[in-house]
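What follows is a set of notes on a single structure, which appears directly below.
The values are calculated or read from the model by the stated rules, or taken from the named source; none is laboratory data. Nothing here was measured: the structure is a model prediction, and the numbers come from that model. When we count neighbours, we look across all protein chains shown, and the Cβ atoms used for this are built from the backbone with ideal geometry, even at glycine.
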Amino acid sequence: MLKRIAAADATYKAFDKRFAYGTAGFRTLGETLDRVCFRAGVLAGIRAKMDHGLAGVMVTASHNPKQDNGLKIFEKDGAMLEGPWEKLAESLVNTDDLPTFLTNLNAGQLSFPGVSLHTDFFAQPQGVQPPLVFIGMDTRDSSQRLIDAVSQGITLIGACPVNYGLVTTPQLHWLTQRCNELRMAMPGDGEVHGKVKKEDFNEAWARYFKEFSDLIGDSPKSRYETDLLLDCANGVGSIQFKLNLELMAEIFGGKDKVPLNVTIINDDEKPDLLNEECGAEYVHKDQQLPHNFALKGGRPGIKCASFDGDADRLIYFYQRTEGDKVPVIIDGDKQFALILMYIKSLLEKLGITHSELTHVFVQTAYVNSRSTKFLKAKGINNELCPTGVKNAHPIVVGYDIGANDEPNGHGTIVCKWDRVRAALESKKDSIEAKKIQAILQLSNMTVGDAIANLLLIESILRDLDMSIADFATLYEENPSRMFKAVVKDRTKFNVVWDESRLTQPIELQNYIDALVSQTTEGKAFVRPSGTEDILRLYAEAKTMEEMEALAKAILKEIDEKYKDY
Ligand code: G16
């Protein structure tokens, strides 16, 4: 086994840089990732060969430009790869001598705190259920080649790749978790994974959407708009969401019976067009209407949304008046404020208090100060964590109901079903209890999911009879924006735990502090990106002019003094 791994590894071009397991796995130019993908396949195979028996690998660079690619590894329950395993993955991918590394690792001469390798991973797997790695990819040019490399790594270490082809990232997380549940329910069935079809995902959400719709009924709405213009970033989201729409038409008994009429734009899956002037990242960060907005009926007042390249982010927006190039944006924070307020108000109607069913809303330093004030006033328990689902997850799971999100459109709400059901037991026939369960069922609890979140949010907007303009005015944000700065070595910029301040270079932090203190309702911070070779700057102020001046001054300082730092 080791010889074949070594021989295969040698066929992939060596690289001369160190790859870091960043915010969302390994990510860089697609053309440089072949060996990384092969080795990551070996790692995922080892993960699956431990007592868990299952892991997942998604080949995607999500919001990044089309020439990039990357991969995320995840656990059998769909959660991100455990932190200690990230460290092992990083070392394994970067080693100069893979056979020696693997030999030492297997013999226990090389160890990683928190990683328990209690099974000889060179041995043939025992037991009925083979170790599996669920794999999938986005629509990039390099994705097929890279997934072949991942697949080879998995096979050579003695695990079995299960290739789902073109899927959204959250879909693959969910399919992995689904298989894990089935395996636990049917431990004697070695072929149970064959029962997990990628369409199960689409079918589940079409059904959950219908179940919630049945609770609302079809009483006329005066403000809710059934029409939605959806920008799919020319990515894999359009392939999957179209299937959802077909299934919804079937389940509702006809397209005209579905209380949501979606017109899709930017659904050309040509890799060249991926994320090009469209998609959630473009709309949110560049604050622009997506390409082709006007092509299929985009006009002032029309409710719109954007997915990103692998459909794990969702941004809502609309054009306020004719000719406006800058859309009104409803970011992740506002989407999840709506979801939490909705659930909280149902719980309040049932008289269920925070101590009976605890909740938390975990956000990042990017949260707008007005959002924080709003949540506080509404009594929503709020915490901050560093960027990345892997950082939010440990906090969220400490509560009965927990949501985490980022303004860029990532977000999910999870719950402890046993706690929720127990709290609702004596009221389970009430409409409120039914709605709480139906809305939580609409959440993809493995990871933030643009398709699931869209159907979840549409359900709430319809129940509350809210228009897109009503949604936008849930609270008013300070003008804010994210900027990028290119520096020679972003790893030299260190931040505090929640990323809101630099610890190094401290002179730059002092400069930012001085500017912020002179700005009305000013907020700004700089952090190194974990997915791109840049620094990110967040700036916020009471007025657009002050926000822009704040950002301009910080960007100038970085350019003049820290570009080659
Ligand atoms: C990933 C992460 C997000 C993060 C984003 C940008 O998203 O899952 O949590 O906000 O990268 O991260 P950074 O600011 O570190 O570059 P995606 O959608 O690109 O996979």
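Looking at Val93, is it closer than 25 Å to Leu172 by Cα, among the β-branched types (Val, Ile, Thr) and more than 14 Å from the ligand (Cβ to nearest atom)? Answer is yes for this residue. Of everything in the stretch 530-542 that is within 16 Å of the ligand (Cβ to nearest atom) and modelled with pLDDT of 95 or more, the residue that is nearest to Ala365 (Cα to Cα) is Tyr538.
Here is a list: Ala61, Ala44, Ala40, Ala48. Which entry is in contact (Cβ under 8 Å) with a residue 60 or more places away in the chain, buried (at least 24 other Cβ atoms within 10 Å of the Cβ), part of a helix (DSSP H, G or I) and within 16 Å of the ligand (Cβ to nearest atom)?
Answer to the selection: Ala40.
Residue-level check: of (1) at pLDDT 95 or above; (2) outside any helix (DSSP H, G or I), Lys488 misses just (1).
Conditions (1) more than 20 Å from Ile315 (Cβ to Cβ); (2) crowded, with 17+ Cβ neighbours inside 10 Å, marked per residue:
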site: Asp189; (1), (2): yes, no
site: Phe201; (1), (2): yes, yes
site: Arg207; (1), (2): yes, no
site: Lys221; (1), (2): yes, yes
site: Ala233; (1), (2): no, yes
site: Met248; (1), (2): yes, yes
site: Asp267; (1), (2): no, yes
site: Asp272; (1), (2): yes, no
site: Lys285; (1), (2): no, yes
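Taking the conditions (1) touching a residue at least 40 places away in the same chain (Cβ under 8 Å); (2) surrounded by fewer than 24 Cβ atoms within 10 Å (Cβ to Cβ); (3) within 28 Å of Gly411 (Cβ to Cβ) in turn, Leu172 satisfies each one other than (2). Are any residues in the stretch 294-328 surrounded by 18 or more Cβ atoms within 10 Å (Cβ to Cβ), of a type in the set (S, T, N, Q) and either part of a helix (DSSP H, G or I) or over 19 Å from the mean Cα position of the chain (by Cα) (or both), and if so, which ones? Answer for the stretch 294-328, where residues must be surrounded by 18 or more Cβ atoms within 10 Å (Cβ to Cβ), of a type in the set (S, T, N, Q) and either part of a helix (DSSP H, G or I) or over 19 Å from the mean Cα position of the chain (by Cα) (or both): just Gln319.
Can you work out which of the residues in the stretch 329-354 that are modelled with pLDDT of 95 or more and not in a helix (DSSP H, G or I) is surrounded by the fewest Cβ atoms within 10 Å (Cβ to Cβ)? If we take residues in the stretch 329-354 being modelled with pLDDT of 95 or more and not in a helix (DSSP H, G or I), then Gly351 is surrounded by the fewest Cβ atoms within 10 Å (Cβ to Cβ). Within the stretch 250-265, the residues that satisfy the criterion of being farther than 20 Å from Gln319 by Cβ and either surrounded by fewer than 16 Cβ atoms within 10 Å (Cβ to Cβ) or polar (S, T, N, Q) (or both) are Glu250, Gly253, Gly254, Lys255, Asp256, Lys257.
Comparison of Phe317, Phe252, Phe293, Phe307 shows that the only residue that is within 16 Å of the ligand (Cβ to nearest atom) and of a type outside the set (Asp, Glu) is Phe307. With the requirement that a residue be part of a helix (DSSP H, G or I) and either small (Gly, Ala, Ser) or closer than 28 Å to Asp333 by Cβ (or both), what does the stretch 249-281 give you? Result: Ala249, Ala280, Glu281.
Regarding Ala8, is this residue part of a helix (DSSP H, G or I), of a type outside the set (Ser, Thr, Tyr), in the same structural domain as Gly127 (by TED's automatic domain parsing) and within 16 Å of the ligand (Cβ to nearest atom)? No.
Given the options Leu508, Leu537, name the one that is part of a helix (DSSP H, G or I) and either within 30 Å of Lys66 (Cα to Cα) or of a type outside the set (Lys, Arg) (or both).
Among Leu508, Leu537, only Leu508 is part of a helix (DSSP H, G or I) and either within 30 Å of Lys66 (Cα to Cα) or of a type outside the set (Lys, Arg) (or both).
So, of the residues in the stretch 64-78 that are under 16 Å from Asp312 (Cβ atoms) and either within 13 Å of the ligand (Cβ to nearest atom) or assigned to a strand (DSSP E or B) (or both), which turns out to be modelled with the lowest pLDDT? Looking at residues that are under 16 Å from Asp312 (Cβ atoms) and either within 13 Å of the ligand (Cβ to nearest atom) or assigned to a strand (DSSP E or B) (or both), I get Asn64. Just wondering, is there one or more residues in the stretch 100-110 that are outside the structural domain of Phe307 (by TED's automatic domain parsing), at negative phi and within 16 Å of the ligand (Cβ to nearest atom)? No, the stretch 100-110 contains no residue that is outside the structural domain of Phe307 (by TED's automatic domain parsing), at negative phi and within 16 Å of the ligand (Cβ to nearest atom). Taking the stretch 549-565, which residues are under 19 Å from Ser500 (Cα atoms) and touching a residue at least 12 places away in the same chain (Cβ under 8 Å)? Once the filter is applied, which keeps residues that are under 19 Å from Ser500 (Cα atoms) and touching a residue at least 12 places away in the same chain (Cβ under 8 Å), the stretch 549-565 yields Leu550, Ala551, Ala553, Ile554, Leu555, Glu557, Ile558, Tyr562. Residues of the stretch 371-390 that are surrounded by fewer than 21 Cβ atoms within 10 Å (Cβ to Cβ) and either among the small types (Gly, Ala, Ser) or out of contact with any Phe, Trp or Tyr (no Cβ under 6 Å at 6 or more places or on another chain) (or both): Thr372, Lys373, Lys376, Ala377, Lys378, Gly379, Asn381, Glu383, Leu384, Pro386, Gly388.
Quickly run through the stretch 11-27 and pick out the residues that are among the small types (Gly, Ala, Ser) and either in a strand (DSSP E or B) or not assigned by TED's automatic domain parsing to the domain that holds Thr103 (or both). Matches in the stretch 11-27: Gly22, Gly25.
Conditions (1) surrounded by fewer than 21 Cβ atoms within 10 Å (Cβ to Cβ); (2) among the polar types (S, T, N, Q), marked per residue:
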residue: Asp97; (1), (2): yes, no
residue: Thr119; (1), (2): yes, yes
residue: Gly127; (1), (2): yes, no
residue: Phe134; (1), (2): no, no
residue: Ile147; (1), (2): no, no
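Kindly establish whether His284 is within 20 Å of the chain's Cα centre (by Cα) and in a helix (DSSP H, G or I). Yes: the conditions hold for His284.
Looking at the structure I just gave you, is Glu545 more than 14 Å from the ligand (Cβ to nearest atom), closer than 21 Å to Val328 by Cα, free of Cβ contacts under 8 Å to residues at least 60 places away in the same chain and not in a loop (DSSP other than H, G, I, E, B)? Judged against the criteria, Glu545 is a match.
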